[in-house]
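Worksheet: one structure, shown below.
The values are calculated or read from the model by the stated rules, or taken from the named source; none is laboratory data. Only a predicted model underlies this, so the values are computations on that prediction, with no experimental measurement involved. Cβ atoms come from the backbone with ideal geometry, glycine included; neighbour counts cover every protein chain shown. Areas reflect the complete protein model, heavy atoms only, side chains present, ligands, DNA and RNA absent. Shrake-Rupley method; radii C 1.70, N 1.55, O 1.52, S 1.80 Å.
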Amino acid sequence: MKSRIRPRMMSGFLVMSAVFILLGIFAIFYSDRMEKNTTKIFSENIISLKSAEELEIALLDMKGLTSNYLLSNEQNWLEVFEDKKEEFLTWLETAKKNSHSSDEDIILDDIENLFQSYLSYQRKVVQQFQQGDLKLAYLTLTNQMHNVFKIIFNKCEELLLSLIHI
């Protein structure tokens, strides 16, 4: 009876050992694959997150430039505004290229459309100021232009939040 149990025990031990070895190999393969996928996802999200943050920073950099122009009548404020506008548009394009969802696409489209309105109001303010209608320029700046700015800023925040919650 002892001789029958030993071969059965040995075969059971060998089968269990083989199963554990196969599970170990599978676990190593699977964890390596998960690490590569996680690294890829993180690197993509970091690019998207950086683009969204820089987009918001570029917008904030433009905030008071038109006001400074109205107060000082110095052309260099409009030149700085143009530089910051180009920076904003560059980051917007980068964000659009690195978008990963339809929700992000919608937010970015909204930002782009609102930014065009913002630029339109900015040109209007400058034109009104240059035509000598200071009161109307001030009202356009403080009402329409500022309101659109706040909406764009909120959209940038919404974009950042959507990227953080992926």
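Among the candidates Gln128, Gln116, the residue that is without any contact (Cβ under 8 Å) to a residue 40 or more places away in the chain and within 26 Å of His100 (Cα to Cα) is uniquely Gln116. Restricting the search to helices (runs of 4 or more DSSP H) fully inside region 66-156 and requiring at least 1 residues that are basic (Lys, Arg) and farther than 25 Å from Asn45 by Cα gives 102-130, 134-140. Taking each residue of region 138-161 that is open to solvent by 40 Å² or more (accessible area, probe 1.4 Å) and looking for partners that are hydrophobic (A, V, I, L, M, F, W, C) with beta-carbon atoms closer than 6 Å, six or more apart or interchain, yields Ile151/Leu114; Lys155/Ile107; Lys155/Ile111; Glu158/Ile107. The requirement of being surrounded by fewer than 19 Cβ atoms within 10 Å (Cβ to Cβ), touching a Lys or Arg at 6+ places or on another chain (Cβ under 9 Å) and modelled with pLDDT of 95 or more is fulfilled somewhere in region 87-109, by at least one residue.
Every residue, every condition in (1) modelled with pLDDT under 90; (2) over 30 Å from Leu139 (Cβ atoms); (3) surrounded by 10 or more Cβ atoms within 10 Å (Cβ to Cβ), yes or no:
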{"site": "Ser3", "(1), (2), (3)": "yes, yes, no"}
{"site": "Met10", "(1), (2), (3)": "yes, yes, yes"}
{"site": "Ala18", "(1), (2), (3)": "yes, yes, yes"}
{"site": "Glu35", "(1), (2), (3)": "yes, yes, yes"}
{"site": "Ala58", "(1), (2), (3)": "no, no, yes"}
{"site": "Leu65", "(1), (2), (3)": "no, no, yes"}
{"site": "Gln75", "(1), (2), (3)": "no, no, no"}
